[in-house]
Amino acid sequence: MPANILVVEDEPAIQELLALNITQAGHNAIRALSVEIAQNLMRETIPDLILLDWMLPGMNGLEFARKLKSDPQTKSIPIIMLTARGDEYDKVRGLEVGADDYVTKPFSPRELNARIKAVLRRRAPQMTDDPIEVSGLHLDPSTHRVSGNQRNIDLGPTEFRLLHFFMTNAERVHTRSQLLDKVWGDRVFVEDRTVDVHIRRLRNALAVSGHEDLIQTVRGAGYRFSINND
Ligand code: CA
């Protein structure tokens, strides 16, 4: 599942380079030349990750990071700060406001991609292409294949994303609206009942390999993916 990565960078050449890197890594790049533009774009789409330049016209990257981290709607979005400054003091300031990581310009594309991958793996594992296995159930995001007990499991795109999210966020209870946010995306106007329909389809599909009990209904709360059947 490609991540939507918002790039906030005022130097066009660097922005171009960042967007190219992100696209080549299989993600979507959303570009903004300033914090103001970024804020407008975020009214449409909440990004999965923000690459945020420190030195920007108007509000600078550090202030924007602080603002994002103090707003409940945006505080969980991972942020990687970009800067020409390399000294420890600035690095500490960036991390203090809640940035997840820090890349110093000039950066190598390989380093940048490794940082993006590491942050996504830590903060949004369903956005990475790492294959995952739980109790003999295998899911490979890069090939879009799911199998268990030597059987291939056919899933529609929504069930696939739902299962990927569950497997990378196992043992936690997710409410229907959390699942809508994480799997269907923000600002999608579908009813909570839609979740139930796709859960039922997912369970039916997993019955092929005997893994349907991994998707558990938690009464009055939502759903959980768990290997513990209590
Ligand atoms: Ca700049």
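Tabulated results
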quantity	calculated
Helix 12-24 axis, angle to the chain major axis (alpha carbon atoms, nearest 10°)	20
Length gained when the stretch residue 221-residue 71 is fully extended (0.36 nm per residue, less Cα-Cα span)	51.5 nm
Dmax and Rg, reported as Rg then Dmax, of the stretch 1-56 (C-alpha, Å)	10.4, 31
Folded to 0 to 90 degrees: helix 192-206 orientation relative to the chain principal axis, Cα	60
In the stretch 157-230, GluC sites (Glu not before Pro) in a DSSP loop with at most 12 other beta-carbon atoms within 10 Å	171, 191
Antiparallel bridge percentage (DSSP; both residues within the chain; nearest 5)	45
Stretchable slack from residue 201 to residue 92, in nm (0.36 nm times residue separation minus alpha-carbon distance)	34.5 nm
Alpha carbon Rg of the stretch 1-108, scaled by the compact-globule rule 2.2 N^0.38 Å	0.97
Residue-averaged [θ]222 nm for the chain, counting only DSSP H segments that reach four residues, each worth -39500 (n - 2.57)	-11500 deg cm²/dmol
Rounded FRET efficiency, nearest 0.05, which uses the C-beta distance separating residue 36 from residue 130 and R0 of 35 Å	0.45
Residue 175 versus residue 121: modelled label distance in nm, points set 7 Å from Cα along the beta carbon direction	3.2
Mean separation of Cα contacts under 8 Å, 6 or more apart, over the residue count of the chain: relative contact order %	14
Nearest-0.05 FRET efficiency for residue 140 and residue 213, computed from C-beta distance (R0 35 Å)	0.95
Taking all pairs of distinct alpha-carbon atoms in the stretch 98-192, Kirkwood radius in angstrom	15.3
Cα-based equivalent ellipsoid, the chain: semi-axes from gyration tensor eigenvalues, Å	36, 19, 15
Reachable lysines, given that their alpha-carbon falls under 22 Å from the alpha-carbon of residue 117 and they are not under 8 places away in the same chain	69, 75, 91, 105, 182
Crossing angle, helix 61-70 versus the chain [Cα axis fit, 0-90 degrees, rounded to tens]	40
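All of the numbers you see were taken from the coordinates with simple rules; none came from a lab. Keep in mind that this is a model prediction, so the values were computed, not measured. A quick note on method: Cβ atoms are made from the backbone with ideal geometry, for glycine too, and the neighbour counts reach across all protein chains shown.
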